[in-house]
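Novice: Questions regarding the structure given below will be posed in turn.
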Amino acid sequence: MKIFEALEQGRRWTEDERMLLAQVDRLAKEVIAPNAAEVDEKSAFPWANIKAINELGLNAIFVPEAFGGAPMSFKVYLAIVRRIAEACASTGIIYATNFHAMKPLIEFGSQEQKSRLLPCIAEGGLAALAITEETAGSDATGMRTRFRPDGDDVVVDGAKLFITNGDVADRILLFGKYSEIDDPRKAISVLVLEKGTAGFEVAGLERKMGHRGSSTASLRFDGCRVPRANLIGRPGDGLDILLASLNRSRPSIAAHALGIANAAFKDMVAYINERKQSGRKIIDFQANQFLLADLASDLAMAELWLDRLAERIDAGEKDFGLEASIAKMRASDVANRVATEAVQMHGGYGYCSDFRVERLMRDAKITQIWEGTNQVHRQLIGRSFATK
Ligand SMILES: Cc1cc2nc3c(=O)[nH]c(=O)nc-3n(C[C@H](O)[C@H](O)[C@H](O)COP(=O)(O)OP(=O)(O)OC[C@H]3O[C@@H](n4cnc5c(N)ncnc54)[C@H](O)[C@@H]3O)c2cc1C
């Protein structure tokens, strides 16, 4: 593990950051990881983990001070996501989704909106980001949810699918099309829906391969009246806000995937240092040393790329969409490879749920699908080399 210890030591945290990360490490080890198997087995929302996360005030680190937060760097936020996901991928995505959903409000909302809608999140509320629909998956512009202005309200009709935290969120960042704008791309708009709004209902919850502790809800909106004051930006600003938001959530998804990869790598190394066959430890077979070398290199490179990206974002750079795509695509591919090989190195035991790698392999898969499938990211990255 020397490579990874050196990598961590090379990260220059401030004293405050170091102290917070040490607290997160303790939280991950003492609370979140011990709950993870049961959360998965029972498909139970991990309320105890969320309570413990909120006792540390981890939502506050991405909320501006003026709205109840205690902001820290994006790099620290990513380090926290990675640590929580390493302990429990479900809890990791619940926490990260609060950030994904609220960052656009923080960046594009008015002062009035932020002072009204953000303190609840800084105090530990949950948030959801609702983009996907039956007709709008990889191509979000196919969405059909309709926003119709009516006096001081916007009336929402439509449905969303696969919404993480959708059933438990206090705030839902909801995308739809403004009825008064004809061009379907230019019509995309975004508003914040508050918990308990009449006309909004949770239509169902998915049963999933992995991330079973994180809820994935289908939502229905039927004449749902949202105050016009909750519309972020102007009608039609939605697509720009969406694209800008994905540039922040993709590095976050990469950090989450690397958490899963780290857990799988550690379990694999521990197991093959113990297990013996033909009178030798499994790690003593050269083929397996080569495998470890390849996986460790891929993991270290993905970590370094994400560190570099986080530093650029913290420095205020704006143009990093392709780098974010590379981070998301590569980290999720690495997570899947490491988790699959970790199962392989456990032999038959890896296929059984007594060992954590079985869950990690199931948890890893979705990281190649959400926040833009990896095919879509490959297309974006590859297309960038085409001459005009
Ligand atoms: C557990 C879970 C949680 C989720 N959480 C959220 C959430 O919180 N909020 C939210 O809005 N959404 C969420 N999603 C939705 C997720 O982002 C979408 O599932 C994803 O974007 C893919 O859309 P789709 O499922 O409709 O697949 P499709 O777009 O139908 O894709 C099907 C296949 O076609 C391929 N494909 C599509 N277009 C192209 C192309 N241009 N080039 C090459 N191949 C292509 C895809 O890569 C994929 O392999 C979640 C999904 C899941 C399963």
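The values are calculated or read from the model by the stated rules, or taken from the named source; none is laboratory data. Quantities reported herein were computed from a predicted structural model and do not represent experimental measurements. We place every Cβ from the backbone using ideal geometry, glycine too, and count neighbours over all the protein chains shown.
Novice: Please tell me if L117 is touching a Gly at 6+ places or on another chain (Cβ under 8 Å) and away from the ligand (no atom under 15 Å from the Cβ).
Specialist: Yes, satisfied.
Novice: Determine, yes or no, whether F67 is buried (at least 17 other Cβ atoms within 10 Å of the Cβ), over 17 Å from the mean Cα position of the chain (by Cα) and in the same structural domain as W47 (by TED's automatic domain parsing). Can you show your working first?
Specialist: Values: buried (at least 17 other Cβ atoms within 10 Å of the Cβ): yes; over 17 Å from the mean Cα position of the chain (by Cα): yes; in the same structural domain as W47 (by TED's automatic domain parsing): yes.
So F67 passes the test.
Novice: Of a type in the set (S, T, N, Q), modelled with pLDDT of 95 or more and surrounded by 21 or more Cβ atoms within 10 Å (Cβ to Cβ): is that true of S245 in this structure?
Specialist: Values: of a type in the set (S, T, N, Q): yes; modelled with pLDDT of 95 or more: no; surrounded by 21 or more Cβ atoms within 10 Å (Cβ to Cβ): yes.
The answer is no for S245.
Novice: Quick check: anything in the range 293-302 within 25 Å of A87 (Cβ to Cβ), out of contact with any Phe, Trp or Tyr (no Cβ under 9 Å at 6 or more places or on another chain) and surrounded by 14 or more Cβ atoms within 10 Å (Cβ to Cβ)?
Specialist: Restricting attention to the range 293-302, the residues satisfying the condition of being within 25 Å of A87 (Cβ to Cβ) are 295-302.
Right, trim to out of contact with any Phe, Trp or Tyr (no Cβ under 9 Å at 6 or more places or on another chain) and you get 297-298, 301-302.
So of that shortlist, the ones also surrounded by 14 or more Cβ atoms within 10 Å (Cβ to Cβ) come out as 298, 302.
Yes, that holds for at least one residue.
Novice: One residue is enough: does the range 83-95 have a residue meeting the conditions away from the ligand (no atom under 15 Å from the Cβ) and without any contact (Cβ under 8 Å) to a residue 60 or more places away in the chain?
Specialist: Within the range 83-95, none of the residues are away from the ligand (no atom under 15 Å from the Cβ) and without any contact (Cβ under 8 Å) to a residue 60 or more places away in the chain.
Novice: Which of the residues belonging to the range 338-388 are within 16 Å of the ligand (Cβ to nearest atom), of a type in the set (D, E, K, R) and buried (at least 21 other Cβ atoms within 10 Å of the Cβ)?
Specialist: Matches in the range 338-388: R359, D363, E371.
Novice: Can you tell me which residue is nearest to the chain's Cα centre (by Cα) among those in the range 201-228 that are hydrophobic (A, V, I, L, M, F, W, C) and in a strand (DSSP E or B)? Break it down into steps so the answer makes sense when it comes.
Specialist: Step one: of the range 201-228, the residues hydrophobic (A, V, I, L, M, F, W, C) are 202-203, 205, 209, 217, 219, 221, 224, 226.
In the following step, the residues that additionally are in a strand (DSSP E or B) were identified as 202-203, 205, 217, 219, 221, 224, 226.
Details: V202: 21, A203: 23, L205: 18, A217: 16, L219: 19, F221: 25, C224: 28, V226: 26 Å.
Selected residue: A217.
Novice: Condition first: crowded, with 18+ Cβ neighbours inside 10 Å and near the ligand (Cβ under 7 Å from one of its atoms). Now tell me which residues in the range 129-147 satisfy that.
Specialist: L129, A130, I131, T132
Novice: Enumerate the pairs (first residue in the range 321-343 and closer than 14 Å to R378 by Cβ and in contact (Cβ under 8 Å) with a residue 12 or more places away in the chain; second residue anywhere and among the hydroxyl-bearing types (S, T, Y) and assigned to a helix (DSSP H, G or I)) with beta-carbon separation below 7 Å, excluding pairs fewer than 6 apart on the same chain, so at least 6 apart or on different chains.
Specialist: S332/T367
Novice: Are there any pairs with C-beta distances below 6 angstrom linking a residue in the range 169-189 that is touching a residue at least 12 places away in the same chain (Cβ under 8 Å) and aromatic (F, W, Y) to a residue that is part of a strand (DSSP E or B) and within 13 Å of the ligand (Cβ to nearest atom), with the two at least 6 apart or on different chains, and if so which?
Specialist: F175/V190
Novice: Does I3 meet the test of being modelled with pLDDT of 95 or more and β-branched (V, I, T)?
Specialist: Numbers: modelled with pLDDT of 95 or more: no; β-branched (V, I, T): yes.
Answer is no for this residue.
Novice: Does the range 326-337 contain any residue that is within 16 Å of the ligand (Cβ to nearest atom) and within 18 Å of V269 (Cα to Cα)?
Specialist: Within the range 326-337, one or more residues are within 16 Å of the ligand (Cβ to nearest atom) and within 18 Å of V269 (Cα to Cα).
Novice: Next question. Would you mention how many residues in the range 96-111 are more than 16 Å from the ligand (Cβ to nearest atom) and either closer than 24 Å to I131 by Cβ or part of a loop (DSSP other than H, G, I, E, B) (or both)?
Specialist: Filtering the range 96-111 down to residues more than 16 Å from the ligand (Cβ to nearest atom) leaves 106-111.
Still in the running and either closer than 24 Å to I131 by Cβ or part of a loop (DSSP other than H, G, I, E, B) (or both): 106-110.
So the count comes out to 5.
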